[in-house]
Amino acid sequence: MTDDTWTDRLPAYLDDDLSPAGRLEMERHLVDCADCRQALADLRALVAEARRLPSTPPVRNLWPAIEAAVGPSSSRATPVWRRRMSLPVPVAIAAGVVLAVTSALGVWTLMYRPAPAADVAAAAAVEAPVLRPAFLAPVPYGHAVDDLLTALAARRDQMDPRTVQVLERSLTTIDSAIADAMAVLAEQPDDLALVARVAEQRRLKLSVLRRFEKLSVSNLENAQ
Amino acid sequence: MSPEEGPLAGRTEPDEDVSRALAGDVGAFERIYHRHVSRVHSLARRMAGPDAADELTQDIFVRTWQKLASFRGEAAFGTWLHRLAVNVIIERLRRATLERSRRVDDSTSAYETAEAPSAAPTLRMGLDAAIDRLPPGSRQVFVLYDVEGHTHPEIAALLGISIGTSKTQLHRARLTLRRLVSPPRES
C-alpha cells in the first residue's frame, strides 16, 4: 500500500469508520509511520478547530432590507395579509432594486405611463402567452411582457452577466409582490386599493422590461 | 463572547420576543435578528461563499418571519432557525446548480468532483479561507458535519445524496483542508 493510500484512509480511521480488520491494520501502520502519525494529528486539530470556528456578523447591516421585506410594526389586530401588502413595501423593494440598477448603469429615470383601465382589467386574468410583435400598440399587458421577455432571452448571451443578474433579481422581486397581491385579491376581489397595487406593480414590471430591452438593443448596436 | 456563542446559544429564546414577533411586532423580530445573525451569516458564508452570504442571510430572515407561525416550541428557537437556514441555503444552491447545468454541456454533478487546489500553498492558510476553496459538494458536507455537527444520515437527507457519498466527501474535504492549512514539513 502506498503512503497516499494510508493517508487517504486516515479520515475514516478518525471517524471509526474502518472495519475491525482495517482498524487493526492502520494502528499497526501508525506505529511505524511518523508521517501518518503527523497527518492524523493534523486532521484531529483540523476537526477540533472546525468545531470551534466562531460566528461573525456581516460587515454591513442587513436589517434595513429585511425590515423592508417584512413590513412596518403592526398590532395583532391587523390581518397578516394587509401587513404584508401595505404600501409601500412591495413597491419599495421593487423600486429599490430598480434604483440600484440605475445607479450601477448610469443615470436614468423610471417613467410611468398609466395603463388604460382595460389593460388593468385584462391583466387580472391569467393569460396564455401568445407572441405578437411588440411594435403593435396598444397590446394587452400579458402579450407585452411575453414579447419583451422573449426578446431579452434571445439577447441574454450578449448582455453583461451582472446586468442579467440584476434584471432577474428585479423581476423576481416584482413577480413575488404581484403573486402575493393576487393571492389576497382572490379572496378579497372587491378591494380596489389592492387592484390598484397589482396594476402598479405590473406597470413597474413593464417599465423595467422596456428599459432593459432598450439597453440590450443599444449594447448589441455598440458591439457591432 | 456574543450571545450566539455563549453557553445559552441555541437554548431558550426569550419567549416574549418570539410571541411578540408572532403577533407582528417587527421590533421584537429585530431583536431576534440581532441575536442570531452572526451564526446564520457564518453558516451561509461557509456553505455558499462570501459573495452569496448577505443575500442568503436576508432571505433566511424573511423566510423566518413568514414561517414563524410554524414554530411550535418543540425545539429551541435557535435550533429551529438553524434548520430553516440550512434548508434555504441548500434550496438556493440546488437552484444555482440546476441553472449552471442548463448552460453547460458537460453537467457533471458537483458531488462527484472534489479536486484539490492545483498549486501547493507555501503559506499556512486560515481554516475559513481554506473552506472557501473547497469544491461545493465537499464544502457543504464539511460545514454541515464538522462545523455544524450534523450526522451523515441528516446530511444525506438534506443534500439528497447517499450516506456513503457524504462520508467520501467529508474525507476528501478534510484531506484537502489539511494540505491547505498545515505548514509544509520536511519528509
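For the reader, a short list of remarks on this structure follows.
- Selection count where residues are away from chain A (no Cβ under 12 Å) and surrounded by 22 or more Cβ atoms within 10 Å (Cβ to Cβ), scope region B:143-158: 1
- Residue match in region B:116-135 (condition: among the hydroxyl-bearing types (Ser, Thr, Tyr), more than 17 Å from A:THR56 (Cβ to Cβ) and at pLDDT below 90): yes
- Single residue of region A:4-49 satisfying the filter (among the charged types (D, E, K, R), more than 8 Å from chain B (Cβ to nearest Cβ) and under 46 Å from the mean Cα position of the chain (by Cα)) that is surrounded by the fewest Cβ atoms within 10 Å (Cβ to Cβ): A:ASP16
- Candidates B:GLN169, B:GLN140: the one that is modelled with pLDDT of 90 or more, crowded, with 20+ Cβ neighbours inside 10 Å and away from chain A (no Cβ under 12 Å) is B:GLN140.
The values are calculated or read from the model by the stated rules, or taken from the named source; none is laboratory data. Small disclaimer: the values here were computed from a predicted structure and weren't measured. No Cβ is skipped: glycine too gets one built from the backbone with ideal geometry, and neighbour counts run over all protein chains shown.
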